[in-house]
Amino acid sequence: MPNFHTYVTKNLPSIAFDVKWIPSSSKLTLIGQSIDGMGTIQIYNVDANGLSLLDETEKYESFKCGTFASSSLRTRHFATGDFSGKMSLWDLERMEMPVYSVRAHEEIVNCIDGCGGNIAKNGPPEIATGSRDGDVKIWDTRQKASPVAVIHGAKQGVDVWAVAFGNSWGDQDRSVCIGYDNGDIKLVDLRSMEFVWGDHVNDGVCSLEFSDKTSQGSNIVATTVQSKFHVFHRTPESMDHSEYKAHESTIWSIRHLPQNPEYFVTSGGDGCIALHKYGSDGKVAALGTSKVSSQPVCAVDWNHDKPGLCASVAFDQTITVSLVDGLE
């Protein structure tokens, strides 16, 4: 049975809204907001002494979300969405100015995901942004200023809270799944620009992820504000839907284990991270939780090189690095 072990917990000088491991490294990128309202990007290294701050920078607008998933291992550019609606791409070794920046939306960028980079290598490098304005836009940073696709919200006043790429099994095939604050979920085939599936889960969708971005048979997991997550699995006839309760309040994020996507971790408003596993019958089993904070854990991320190594950030201005052993 897998077990959680806390390696280090560190107090932060700012509020972190997202955390991502820098690919092929022991370093972490944290983005968020300083106590005086500035945007912050911090880089930490995990070593034998715990966590050490390597670099930090402040910008005028607070950062909400980030991803490395559209970048190659050579560049390792970091894509961010901020409170002013900008999407930017950063070289973390030269953070004075972004290598690419565009006013993606008129309101806050709530969520971001990438594809075609170091994780799912099929197809072009693209970034999806979702906003309070209800739109999702797809960006190819090789093309300046204009998105390659725009998916407008069907209802006025409905925020996009979650976005995820998937079904990228070939260079021409790719889908994007969208979660809204009213509980709607939509799947759009980006090749045909057609709506192919949708559902409604009653509560706002906080986070979405495909279990495998490059698989046609991947599960889609959606987490909600009311302590539930929903698993959708495509069959030849339909999309099966299972509902599970986890944590004691909002489930803020979902991340599948890169080395074995049968496992995934969720983070909750109860200050815990929880481990789950798909069974041979398709059902999800709860494998255990770890209390890492007294406040909601707003983001969690797995290391792509060291199985079981994960990092999480919480609203009490802490970061925790944990190791989960016993994973198959």
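The values are calculated or read from the model by the stated rules, or taken from the named source; none is laboratory data. Bear in mind the structure is a predicted one, so any value in this text is a computation, not a measurement. For neighbour counting, all protein chains shown are included, and Cβ atoms are generated from backbone atoms with ideal geometry for every residue, glycine included. The accessibility values were calculated without ligands, DNA or RNA, using every heavy atom of the protein model including side chains. Shrake-Rupley method; radii C 1.70, N 1.55, O 1.52, S 1.80 Å.
General observations
- Of the candidates Ala222, Ala128, Ala164, the single residue that is in contact with a His (Cβ under 6 Å, 6 or more places away or on another chain), part of a strand (DSSP E or B) and open to solvent by less than 30 Å² (accessible area, probe 1.4 Å) is Ala222.
- Scanning the range 250-302 for residues that are under 15 Å from Asp316 (Cβ atoms), of a type in the set (Ser, Thr, Tyr) and touching an Asp or Glu at 6+ places or on another chain (Cβ under 6 Å) gives Ser293, Ser294.
- Residues within the range 185-218 that are under 23 Å from Asp281 (Cα atoms), at pLDDT 95 or above and not β-branched (Val, Ile, Thr), tallied: 5
- Residue count for the range 161-207, restricted to those that are under 18 Å from Glu126 (Cα atoms) and touching a residue at least 24 places away in the same chain (Cβ under 8 Å): 20
- Residue identified as touching a residue at least 60 places away in the same chain (Cβ under 8 Å) and among the aliphatic types (A, V, I, L, M) among Ala154, Ala128, Ala222: Ala222
- Flag if Ala69 is open to solvent by less than 20 Å² (accessible area, probe 1.4 Å), assigned to a loop (DSSP other than H, G, I, E, B) and either among the aliphatic types (A, V, I, L, M) or modelled with pLDDT under 95 (or both): yes
- From the options Asp82, Asp113, Asp140, residue that is closer than 17 Å to Thr40 by Cβ, open to solvent by less than 30 Å² (accessible area, probe 1.4 Å) and of a type in the set (D, E, K, R): Asp82
- Qualifying residues in the range 297-320 (those that are of a type outside the set (S, T, N, Q) and over 16 Å from the mean Cα position of the chain (by Cα)) - the one most open to solvent (accessible area, probe 1.4 Å): Lys306
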